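Q: Here's a structure for you.
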Amino acid sequence: MHKQTIRVVYPTRDGRIVLRTEENWDTNVEPVGQNDCVSKFAIKTEQPYFYFKPVLLRDYK
């Protein structure tokens, strides 16, 4: 099993960054750490590489 660390750098004033992976494109993976503009994700996978996409979820009021 491989453990991948992914860092997404994006300013998030009115939302949050989550990750979606090829394992299930409809499931949000929450960050394990967040600091200002950097969201850090830890993903366990059987493959040495995988497809993913960061998603900005906005907080609408």
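Q: Are there any pairs with C-beta distances below 6 angstrom linking a residue in segment 25-51 that is more than 15 Å from LYS3 (Cβ to Cβ) to a residue that is not in a strand (DSSP E or B), with the two at least 6 apart or on different chains, and if so which?
A: CYS37/PRO11; SER39/PRO31; TYR51/GLU22
Q: Counting only residues that are more than 16 Å from ASP59 (Cα to Cα) and among the hydroxyl-bearing types (Ser, Thr, Tyr), how many does segment 6-45 have?
A: 4
Residues checked against (1) among the small types (Gly, Ala, Ser); (2) surrounded by 11 or more Cβ atoms within 10 Å (Cβ to Cβ):
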{"position": "TYR10", "(1), (2)": "no, yes"}
{"position": "GLY15", "(1), (2)": "yes, yes"}
{"position": "ARG20", "(1), (2)": "no, yes"}
{"position": "GLU30", "(1), (2)": "no, yes"}
{"position": "ASN35", "(1), (2)": "no, no"}
{"position": "PHE41", "(1), (2)": "no, yes"}
{"position": "LEU57", "(1), (2)": "no, yes"}
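Bear in mind these aren't lab numbers, they're just calculated from the coordinates by the rules spelled out. Since this is a predicted model, take the numbers as computed values, not measurements. All Cβ positions, even for glycine, are placed from backbone atoms using ideal geometry, and neighbour counts span all protein chains on display.
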